[in-house]
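**Q** One structure, as structure tokens, below. Some questions next.
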Amino acid sequence: MNNFPDNSMVKRSLSLVFLICFIIINIAGCLENKNRTKPKLIVQLSIDGLKDGLLERYDPVFNFGFRKLLDEGLKFSNATVGHAVTVSHAGHVTIATGDHPSKHGIVDAAFYSTVNNKRVLVDCVADSTEHILGYPNSQGVSPRQILKSSIAGWVTDSGPESKSLAVGSGYISSLLYSYKKDSDVYWNMGGKYVTSTYYKKEYPAWVQKFNDEVMPELKKNSEVWANSVPVKFRNLSRPDTAFYEGDKVNTTFPHLIKNELGKLFK
């Protein structure tokens with residue numbers, strides 16, 4: 001499936017493909033350093049599946065964000081992962097904490113634990129004492145299994161005016177980056193941004209307003225995902241369809257979201 005577009009398509013695809021995205025906003029500054037000006041903003045962006053070489057392949061189509069990173073940022077061309085298994089959960093917590101899984105505790109998406117004197121396989125973020133706020137019968141999640149603090153915590157610990165915001169497009173994605181109670185941690189579930197009762201007992205007014213007013217419009221505008229990539233760039237990607245894609249039926253543009261992701265956006 002051709003999903004590596006020009007700038008406008010990149011923005012749209014980020015909201016449609018499976019990716020993990022995290023943003024920290026530090027309003028007052030971060031850790032003390034008398035020799036430097038305190039940064040007013042820290043942004044951390046993590047994307048699942050953005051493998052080595054893709055940024056170079058699609059270099060001709062990038063503007064703005066990726067263009068600035070490629071032209072002005074640091075690039076690590078020989079970076080390696082120092083742990084196994086290299087699944088999303090362990091990797092994201094490693095990025096957030098700076099520690100390996102053996103230290104932060106999330107060695108896999110699920111692992112064996114002792115429950116009622118029996119060894120059972122448990123989800124690494126499952127927590128029966130919590131639930132998704134607004135969904136009392138939902139499976140509870142929390143970051144209680146994570147043993148280390150993250151950059152989000154370091155930011156908020158730096159001063160009473162410092163704030164952090166973690167937002168993810170995938171299920172519980174942002175939870176893997178921010179662990180303090182009463183933090184602003186939200187992820188997309190069924191076309192709304194939700195959180196765990198571990199973090200909040202009620203949604204802030206701005207989150208409720210976003211869900212009520214902005215998300216319906218976004219869903220409406222995303223009913224059809226068309227290929228807007230200029231013809232001259234389409235040869236940069238693989239063929240529009242492949243045998244391993246999705247349901248093996250809805251594999252070409254345009255994509256009708258209600259047919260492919262309807263259960264997620266009722």
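**Q** Quick check: pseudo-label points 7 Å beyond the Cα along Cα→Cβ at Lys118 and Lys103, how many nm apart are they?
**A** Modelled inter-label distance: 3.7 nm.
**Q** Which whole-Hz couplings ³J(HN,Hα) result when phi for each residue of the stretch 228-241 is put into the Karplus expression 6.51 cos²θ - 1.76 cosθ + 1.60, θ = phi - 60°, listed in order with x for Gly and Pro?
**A** Result, ordered by residue: 9, 5, x, 3, 5, 9, 5, 6, 6, 9, 6, x, 5, 9 Hz.
**Q** Say the cut-off is 28 Å between C-alpha atoms; which of Lys40/Lys103; Lys68/Lys209; Lys38/Lys68; Lys75/Lys220; Lys192/Lys232 go over it? Walk me through the intermediate numbers first.
**A** Working: Lys40/Lys103 30 Å; Lys68/Lys209 32 Å; Lys38/Lys68 21 Å; Lys75/Lys220 38 Å; Lys192/Lys232 36 Å.
Correct reply: Lys40/Lys103; Lys68/Lys209; Lys75/Lys220; Lys192/Lys232.
**Q** Let me know the Kirkwood hydrodynamic radius for the stretch 197-266, please, with Cα pairs as the basis and the value in Å to one decimal. Walk me through the numbers before you get to the answer.
**A** On the way: mean 1/r = 0.0657 Å⁻¹.
That comes to 15.2 Å for the stretch 197-266.
**Q** Can you list residues whose amide H is under 5 Å from Ser196's amide H, if they're 5+ apart or on another chain and H is modeled 1.01 Å from N?
**A** Residues meeting the criterion, in which the H sits 1.01 Å from N, are Leu133.
**Q** Which FRET efficiency value, to the nearest 0.05, is calculated for Glu245 and Asp52 with the Förster distance at 22 angstrom and r the Cβ-Cβ distance?
**A** Values: r = 22 Å, r/R0 = 0.98.
The formula returns an efficiency of 0.50 here.
**Q** For the stretch 53-175, what value does the Rg/Rh ratio take when both radii are computed over Cα atoms and Rh is the Kirkwood radius, given to two decimals?
**A** Values: Rg = 18.1 Å, Rh = 17.4 Å.
Rg/Rh for the stretch 53-175 comes to 1.04.
**Q** Another question, if that's okay. Would you kindly derive the ³J(HN,Hα) couplings of the stretch 210-218 from the backbone phi angles with the Karplus curve 6.51 cos²θ - 1.76 cosθ + 1.60 (θ = phi - 60°), listing them in order in whole Hz, with x for Gly and Pro?
**A** Computed from phi, the couplings for the stretch 210-218 are 4, 5, 7, 10, 8, 4, x, 5, 5 Hz.
**Q** Now a separate question. Using the count of nearby Cβ atoms within 10 Å as a rough guide to exposure, how do Leu41, Leu133 rank from fewest to most?
**A** Working: Leu41 11, Leu133 19.
The fewest-first ordering by Cβ neighbours comes to Leu41, Leu133.
**Q** Using the per-residue mean of other Cβ atoms lying within 10 Å as a proxy for protection, in what order, highest first, do the peptides 143-150, 221-228 fall?
**A** Details: 143-150: 19.9, 221-228: 13.5.
Per-residue Cβ counts within 10 Å, averaged per peptide and sorted highest first, yield 143-150, 221-228.
**Q** Take the Cα atoms of the stretch 17-221, build their convex hull, and give its volume per residue in Å³.
**A** Values: hull volume 33.9 nm³, N = 205.
Taking only Cα atoms, the stretch 17-221 has a hull volume of 165 Å³ per residue.
**Q** Once the piece of chain linking Thr80 and Tyr135 is laid out straight, how much longer is it, given 0.36 nm per residue of separation minus the C-alpha distance between them?
**A** Working: separation 55, 0.36 × 55 = 19.80 nm, distance 3.98 nm.
Stretched out fully, the Thr80 to Tyr135 stretch lengthens by 15.8 nm.
A short reminder: the numbers here are calculations on the coordinates, not readings from a lab. Everything numeric in this text was worked out from a predicted model, so none of it was measured. Cβ atoms come from the backbone with ideal geometry, glycine included; neighbour counts cover every protein chain shown.
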